[in-house]
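What follows is a set of notes on a single structure, which appears directly below.
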Amino acid sequence: MGILEVKGVNKRFGGLQALGDVNLSVQENTCHAIIGPNGAGKSTLLNVLVGKLIPDSGSVMFDGNSVLGRKPHEINQMGISRVFQTPEIFGDLTVIENVMIPCFAKRDGAFRMHAYETVAAEKDIREKAEAILEDVNMLDKLNMHAASMSRGDKRRLEMAMCLVQEPRLLLLDEPTAGMARADTEATIQLLKDIRVKRGLTMAIIEHDMNVVFSLAERITVLAQGTPLVEDTPDNIKGHPKVREAYLGEAQV
Amino acid sequence: MFGLSQKDTKFLLIVVALTLLTPILLNPFPSESGLAQFNAGYPALMQRFAIYGLMAIGFNILFGLTGYLSFGHAAFLGVGSYAAVWMFKLLSMNVLPAIILATIVSGLFALVIGYISLRRSGIYFSILTLAFAEMSYRLAYSVFTPITNGETGLQLTLSDPRILDSAPEGGSLPVPTLFGLDMNASWTANVGPWDFTFNIGYYFCAVIAILGFYLSLRIFRSPFGMMLRAIKSNQTRMSYTGLNSRPYTLAAFVISGMYAGLAGGLLAAMDPLAGAERMQWTASGEVVLMTIMGGVGTLMGPVIGAGFIKYAENIFSKINESVLHGWFGWLPDGLEDIVVWFFARFVGEGWHLTLGLMFMIVVIALPGGLVEGGQRIARWVRRKSGRETAADETTKPAE
């Protein structure tokens, strides 16, 4: 029984079957990649997992509880964090504030009226935030305006914001999209290091096969909204159906 | 001190000192001089500085931090005034119960309006609040006449019960007091050619405004304030970080509504009557202007903006053509008439034109408001005197 169990999920947008009978099981402490050609339904699936979309049928269980019908903030409080394809950060705030906010969310829940306390007095939260920023090599940018950073830095910041919550499941939506080669390598290394250091369950959507094969222990291949195969990276590499799905796309 | 950092404590103490010295600072010209009409140190205007400053501070907690632009804050001002006058009529002429009730009632009112309006954001939120405020205004004028006394406005009468007070002597209407201190009592100090008026009502408003400012400073520095800024910055990230932005925005809305209600209560405490026109949309627009003019999201900006607009409203509007003729009398006759005609468009009833031009200049040249202007000047001065290194440290007390 995995920490995340997706069973028989269907989602239809008008005439388009975006997800057709998707089953997925993510085991604790593994990195599970979901790959597939454009339009295969990867992002739709991710949006179902975080509560942005509600499927037409099927069930999504996280650690024995259904996530369906819950709001994104409730699902996050259950222990699922998400990194977006284009980094979603608090651009008007400083880097350290960006990371402190998830710490507050983790400690105080979805809402707390802490209007008469001071941020400066929250030493524990600050230490925690600084520790994670050290892990992602951003200690020198603590007081920088988040919006003024490079895209790569924004992505690392967003990852730090997710990791500081110690999520039980981290969802990554193309974490290296649009990155230079060196940055991609750095991100792979970062994720590997963090897995060694903190132990982490990840589900990752990615186009870059290099990233997928360096990180994933299980791979699900999605095509036209339906899982084709689920297997280990070695078996996926030579799988005829996978080649067909990808080559089919290439010929179009 | 006071749970603030050293820098903020210093900042707060400066604000306190400026507020307490206002009667002197705003009367820089001797009373007999020709410039005396630019003096703003008379009680009615100083009270308005403090009261509208307080309202703008509260408005800034909502607009400056969360970015939700309410166009209906005058409704809370009006509700606060009505509540305070009713307290004067029914309970006592003491101002404390009046302003406490004003704050509570407007808080409840803000809870209802905020709960509905905050289902939308951006322009739709603004329109909803505007609609609610106009509705309140129209209702106060018509349906709610038994409570609001309609067009005439709510006033004190001799037959009011005032259960805690003894019957007024001599058949004149009682005045608001603070445990016996009359709000309209003043003491004038004559220092050489200068006259400084120290008014009880002003100091009462000033103390409340300072408390309001202190509270807003605490909110700005609190985790709650940080969440509000996060809402303004990115609501998507907010919800995917496990935070529910709705209660945060609602809390900010209610707090700022209570500030406005308190300001309305103080208006009634200075002059115990309340009219529906206080709720009109132009009054809501005014506080938006104040905040933008002074500097959205800065601590001091809204107060400066409020002072600026109230000064323009009360001082520029007093300058009429005969005053202008006095100024330009030395010009040749034909030219004098032209110059006077030209400047008369900008003063007297035309003061709105001056305000409009000022507002345009600020919005176009100084998006950060007058506070940004001040910061730029401070930086420029510092560069001139060659102490550039310390620039970032001290220029941003208002952050």
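The values are calculated or read from the model by the stated rules, or taken from the named source; none is laboratory data. Being a predicted model, the structure only gives us computed values, none of them experimental. Glycine also receives a Cβ, built like all others from the backbone with ideal geometry; neighbour counts cover every protein chain displayed. Heads up: the accessible areas ignore ligands, DNA and RNA and are worked out on the full protein's heavy atoms, side chains in. Shrake-Rupley method; radii C 1.70, N 1.55, O 1.52, S 1.80 Å.
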A drop of at least 30 square angstrom in accessible area, chain alone versus all protein chains together, probe 1.4 Å. Which residues of the stretch A:58-103 meet that? A:PRO72, A:HIS73, A:ASN76, A:PHE84, A:GLU88, A:PHE90, A:ASP92, A:LEU93, A:GLU97, A:ILE101
Angle in degrees between helix A:151-163 and the longest Cα principal axis of chain A, rounded to the nearest 10: 80 degrees
Once you place label points 7 Å from the Cα toward the Cβ at A:SER57 and B:VAL112, how far apart are they in nm? 4.7 nm
Express in whole angstrom the spacing between the alpha-carbon centres of the stretch B:6-65 and the stretch B:324-393. 19 Å
So with the 1.4 Å probe, I'd like the accessible area per residue for chain B, rounded to whole Å². 45 Å²
With 26 Å as the limit, write out which pairs from A:LYS71/A:LYS106; A:LYS106/B:LYS232; A:LYS71/A:LYS237; A:LYS141/A:LYS197 have Cα-Cα distances beyond it, or answer none. A:LYS71/A:LYS237
Most mobile of B:PRO23, B:PRO302, B:PRO193 in a GNM of chain B (Cα contacts under 10 Å): B:PRO193
Using Cα-Cα distances under 8 Å and only pairs 6 or more residues apart, what relative contact order does the stretch A:89-166 have, in percent? 55 percent
Give me the percent of the accessible area of chain A that comes from carbon and sulfur atoms, probe 1.4 Å, all protein chains in place. 50 percent
First check a/c for the stretch B:6-299, with a ≥ b ≥ c the square roots of the eigenvalues of its C-alpha gyration tensor; if it is under 1.5, answer rounded, and if not, answer prolate when a/b is larger than b/c or oblate otherwise. oblate
Label model pair B:GLN155, A:ARG107: point-to-point distance (7 angstrom along the Cα→beta-carbon line) in nm is 5.7 nm
How much length is gained if the chain between B:LEU35 and B:LYS384 is pulled fully straight, taking 0.36 nm per residue apart and subtracting their Cα-Cα distance, in nm to one decimal? 122.4 nm
FRET efficiency for A:ARG168 and B:GLU277 from the Cβ-Cβ distance with R0 = 51 Å, rounded to 0.05, comes out at 0.30
Note on the stretch B:106-239: alpha-carbon gyration tensor, axes a ≥ b ≥ c; rule is a/c under 1.5 for rounded, else prolate if a/b larger than b/c, else oblate; result oblate
Total accessible area buried between chains A and B, 1.4 Å probe, in Å² to the nearest 100? 2800 Å²
Using the beta-carbon distance between B:SER186 and B:ALA17 and R0 = 22 Å, what value does 1/(1 + (r/R0)^6) give for FRET efficiency, to the nearest 0.05? 0.55
Relative to chain A, whose Cα atoms define the longest principal axis, helix A:95-108 and its Cα axis are tilted in degrees, nearest 10, by 80 degrees
Could you let me know the centre-to-centre spacing of the stretch A:105-155 and the stretch B:92-169, using Cα atoms, in angstrom? 42 Å
Using a Förster distance of 22 angstrom, determine the FRET efficiency expected from the C-beta separation of A:MET209 and A:ARG151, and round it to 0.05. 0.50
Relative contact order of chain B, please, whole-number percent, based on alpha carbon pairs below 8 angstrom and at least 6 residues apart. 27 percent
Do the alpha carbons of any pairs in A:LYS154/B:LYS384; A:LYS154/A:LYS241; A:LYS7/A:LYS42 sit beyond 26 Å of each other, and which pairs? A:LYS154/B:LYS384; A:LYS154/A:LYS241
Name the GluC sites (Glu not before Pro) in the stretch B:126-199 that are in a loop by DSSP and that have at most 11 other C-beta atoms within 10 Å, would you? B:GLU169
In whole Hz, what ³J(HN,Hα) sequence does the stretch A:171-178 give by Karplus (6.51, -1.76, 1.60; θ = phi - 60°), x for Gly and Pro? 9, 10, 9, 6, x, 10, 4, x
Determine how large the accessible area of A:ASP92 is when every protein chain is in place; take a 1.4 Å probe and give Å² rounded to the nearest 10. 80 Å²
Taking the Cα-to-Cβ direction at A:GLU127 and at A:ASN143 and moving 7 Å from each Cα, how far apart do the two end points lie in nm? 2.2 nm
Between the DSSP loop rule and a limit of at most 14 other Cβ atoms within 10 Å, which GluC sites (Glu not before Pro) in the stretch A:160-252 are left? A:GLU217
Output the relative contact order of chain A, whole-number percent, from Cα pairs under 8 angstrom with separation of 6+ residues. 28 percent
The stretch A:33-95 - accessible surface per residue (Å², probe 1.4 Å): 35 Å²
